[in-house]
Structure formats: C-alpha cells, structure tokens
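The values are calculated or read from the model by the stated rules, or taken from the named source; none is laboratory data. What you see is a predicted model; the values in this text were computed from it and never measured. Positions of Cβ are backbone-derived with ideal geometry, glycine not excepted, and every protein chain shown enters the neighbour counts. Remember, those area values only see protein heavy atoms, side chains included, never the ligands or the DNA or RNA. Shrake-Rupley method; radii C 1.70, N 1.55, O 1.52, S 1.80 Å.
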Amino acid sequence: MAKQKKLQRVLVACSGGVDSVVLLRMLASLQSSLSLQLVVGHVHHGLRETANRDARFVQELAEQLHLPAEIEYVHLQDISIQHRRGTEADARHLRYQALLRMAEKYQCDAIAVAHHADDQVETVLWRLLRGAYLSGLQGMQAESVVPQSHMRLLRPLLSFSKQAIEKTAQQNGWSWVEDESNQSLRFLRNRLRQRVLPELRAIEPNVSEIIGRFTAMVREENDWLNDWAKQLFNTYITYDETLSAYHLSTNQWIELPIPLQRRAIHLLLTCFPTEINWTARHVEDLRKLASSKDPSAGIDLPGGFLAWRIYSQLWVGPRPRFLNTKRQTVREVLLNEGEWADELGWIWRLTRHHISNLVSGNDWGWTVHLPPEIHSLSIEDCNRSWRVKTRGGSKKIQDLMTDSKLPKMLRAAWPVVKAGDWLWIPGLYSSSRIHSKDAEIARWTLQTIPPKHVQSLLQAEECRILWRRDKEE
C-alpha cells in the first residue's frame, strides 16, 4: 500500500455540537507539535430556527482559536426530485459536498469529522436494519475517503465514547450548542440513540467496545473476501463500453460458491459512479436473476439502472436508451446506389453487382440479393404477428424470433424490408434465394450493419447463430 502523504492542512468540520467542539479544540492544541494548519468548516442547512445561532457560535470559536473559518449555505431543494433519498440522507450528501468544496478551496489534505464510538454502534445497527451488505457492517473507519472523491476523511474520535467526550468538554469548561433535532424521534438514528442504545448498555455496558471489535473483524474478513471476489470479477465479468454495462456468462457463474457470487456482484454494483446505497437485497436479487430459468427476465434497480438476462448472459447497467424506441415512419427507398443510416442507427447500403462477382454470401444474414422485379422497397419495424412462409407451411415472425434466440428487448424495433410479397428480416429470414442459373444477372444487393448496441447484445452464445449464417450457408 502506498504511503500516505504527511498531513499539512486539515479542514475540521464543526457543527457547534459537543463532539465537533472537542475535536476542534483538541486538534487546535496539537497544531504546533504536529506542524499542522487547521481550517474550520461549517455547513448551514437552514433546516432549523437555531441554524444561524450555530453558525455564529462556530465563527466566534474559530476567531477565539485564531483559525480561518468557512461557512457554506446549502439547500435541500437543490437536489432534484429523482435523486432525493430522505431529509437525513440528502442533508448528509450536501454536507459532505460542501465540506469537500471548502477543503479544495483551502488546499487541505484531509477533512476531520467528529464521529465517535457511540456513532459507530448507531451506524452498524442502522445499516443492519436497512439491509446493508456485509461490507456495510464493517462500520466507519478511522480513515477513509469522502464519497466520490480522493479526499481523505479522518475520524480521530472514533474510539472514544460520547460520555468521555462530554466529560472532556465539561472538565475544560468548553461550551457548545445543542441541536434540538437530535431529540426528535422522527428519525431512525435518533430512536436508536434515545431508546435502543440505553437498553443495550443496560444489558452490556461495554457494547461500544464490543461493536468496535466486531467491525474490525468484519473489515478484515471483508478485505479477504474482496481479494477473492476481485479475481472472480476479472475472470468472469466483462465491461461493454457501448452500453456502459457489465455482463457475465451465467452457465459458468452459477457453478461458483454462492458467497463469492454475492461478493463479486456487489463489486460490480459499486463500479458504477453513483452514491446509491447498494444493499444485500439488491445483491441477492441479481444473484437469483443469474440463476433464473427465464432467459429474458429483468429487474429494475435504483438510480435508473437495470439488470436483464439475454439467455445465458446477465447484463447490469444504466437503462438502455433504445428501450421502447421504434422507427417513427416507414422509409420508402428507390433502388439507387448509396449508403444511409436510419433513425435507430442501422446502416444500409445498396450496390449493384453481377452475382458471380460477389463474395460468397446468402440472404439469411446481413446481406440480401434483391429479386430482379423489385424497383423500390420499404424499411420498417417488424410486426411480430405477421406470418412468413417456411418449408413446413408458415410461421409467425414472433415465433421465428424466438426460435432464432433474438434477444427479446430487440424484437420490437427489429427491421423488416418489404417489396410487395417479398420480405427480408436481417439475420432471420428471406423470401427468396439466388440460384446458380441467375449468376450472370446484374442484381441489386442490400446490406445492413446493426448499431453497436445491437451487436453487443447478440454476443450471447445462443444468439451467435445470427452472426454465423453468412459463413455457414
């Protein structure tokens, strides 16, 4: 592990409460011996009538300690409706973002916050009740990073109890302000603090130390499991740049030990640049989807993410933009040489050749030789209720797509080329074939190239027949 840079300047987050006041005063007393510069940061949420009082208190305390102070005002309504996760979570997000801006402004190496041992107990219980994944039960660390950044986040008081912190403040005659919202039982954390923790301490007075040891053990085992999971991740999971999504082969995946499946899936989810709190339920839902017998199953995930099956492949990523997108019009095409792209990104190319001069190919794949009587054609979305002629009679296009293992999410906008009774469905079907007696006739050839996202989704083992037909027939 790379050696951390020596701290030179630290932003101390101070709300004005007893915990952050003790932290600030203790660090201020150590400035000289540690050759450390401090900056005081306060975030004004504007949620309480006493918020202005708190800001003034912090400003005056910073002046008393001869430290620079920065106060930033944030507003919950600045978070868009689709990204809101509740008052506590939203306020926490805005607070850390504000602290990060302050730290960068003053070129600080780290941010120090006043979380203590009792906060650790609350955090573990809160995450457990919210269905946290195992990594969530390792609690807070004495040193980590601010979410979505590389800024170091320090918790110097994490091994001290709330009682010890208050005792220190009282013995030194330090004043602080009280946040009256901490007494409200409307928030789960406050109910844990006011009702559950006192009962736990009545049963076991050393509950904070026990939880502290527990989180340390969970952290060690979590790190060990992560090392194994990373190896599995690198072996079995692939990233697709076109769809900004990850995919894996379920045939091999379901043979792996279930605990390692869960761990690697959790690693996959945390690869997305989002602040979503991925829980054990999300991980288990994905694990079950990977072993599902339904080859086209899918589940919605928070934040606009989606997990979907394409036969033996499991995909996880942002909801694809092409879903529920169709061609708005039927395109009528006169037979003239040229190339164009339709509104869904399919490339089409018309050329005129003698069949004998063509590279070996056929009408099943991505190139078709048009019958001589055709002078124009139309390109539109498939009507899956249409029937096409087969050797055994006829078949619905829907059944043809199913038999050919065309991914379900691509079927609604799959193109069909028509000219009278003649029909071509790229990769799937053509009404007519070229015979050897026609070899010297100059014919129009139509070729199509699917957009990259379609090519990506046809990579499942069962779907590759769509790509092989040009070579096999």
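Some values worked out for this structure:
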read-out	value
Some residue of region 371-386 being modelled with pLDDT of 85 or more, charged (D, E, K, R), open to solvent by 60 Å² or more (accessible area, probe 1.4 Å) and over 18 Å from Ala341 (Cα atoms)	no
Count of residues meeting criterion [in contact with a His (Cβ under 9 Å, 6 or more places away or on another chain), over 17 Å from Val22 (Cα atoms) and not charged (D, E, K, R)] in region 47-80	8
Long-range neighbours under 9 Å by Cβ, at least six apart or interchain, first residue closer than 16 Å to Val22 by Cβ within region 172-188, second modelled with pLDDT of 90 or more and basic (Lys, Arg)	Asn172/Arg25; Trp174/Arg25; Val177/Arg53
Subset of region 409-450 that is modelled with pLDDT of 80 or more and part of a helix (DSSP H, G or I) - its residue that is farthest from Glu241 (Cα to Cα)	Arg411
Number of the condition not met by Ser356 [criteria: (1) touching a strand residue (DSSP E or B) at 6+ places or on another chain (Cβ under 8 Å); (2) modelled with pLDDT under 80]	(1)
Residues within region 101-146 that are open to solvent by less than 60 Å² (accessible area, probe 1.4 Å), without any contact (Cβ under 8 Å) to a residue 24 or more places away in the chain and either of a type in the set (Val, Ile, Thr) or at positive phi (or both), tallied	1
Residue list for region 451-464, restricted to those being open to solvent by less than 60 Å² (accessible area, probe 1.4 Å) and at pLDDT below 70	Cys463
Scan of region 68-92 for residues that are within 23 Å of the chain's Cα centre (by Cα) and either open to solvent by 40 Å² or more (accessible area, probe 1.4 Å) or modelled with pLDDT under 75 (or both), ordered by number	Asp78, Ile79, Ser80, Ile81, Gln82, His83, Arg84, Arg85, Gly86, Thr87, Glu88, Arg92
Cβ-Cβ under 9 Å pairs, at least 6 apart or on other chains, region 362-390 side more than 18 Å from Thr448 (Cα to Cα) and in a loop (DSSP other than H, G, I, E, B), far side charged (D, E, K, R) and modelled with pLDDT under 85	Pro372/Asp438; Pro372/Arg443
Elements of type helices (runs of 4 or more DSSP H) in region 172-285, at least 1 residues being buried (at least 18 other Cβ atoms within 10 Å of the Cβ), within 17 Å of the chain's Cα centre (by Cα) and of a type outside the set (Gly, Ala, Ser)	207-236, 258-270
In region 86-100, the residues that are of a type in the set (Lys, Arg) and either under 18 Å from Pro156 (Cα atoms) or without any contact (Cβ under 8 Å) to a residue 12 or more places away in the chain (or both)	Arg92
Region 39-63 - residue that is over 12 Å from Cys14 (Cβ atoms) and without any contact (Cβ under 8 Å) to a residue 12 or more places away in the chain and, of those, least open to solvent (accessible area, probe 1.4 Å)	Ala51
Qualifying residue in region 16-36 (condition: under 38 Å from the mean Cα position of the chain (by Cα), open to solvent by 40 Å² or more (accessible area, probe 1.4 Å) and either of a type in the set (Asp, Glu) or within 24 Å of Phe160 (Cβ to Cβ) (or both))	no
Odd one out for Gly298 among (1) surrounded by 13 or more Cβ atoms within 10 Å (Cβ to Cβ); (2) modelled with pLDDT under 90; (3) closer than 30 Å to Tyr239 by Cβ; (4) of a type outside the set (Val, Ile, Thr)	(2)
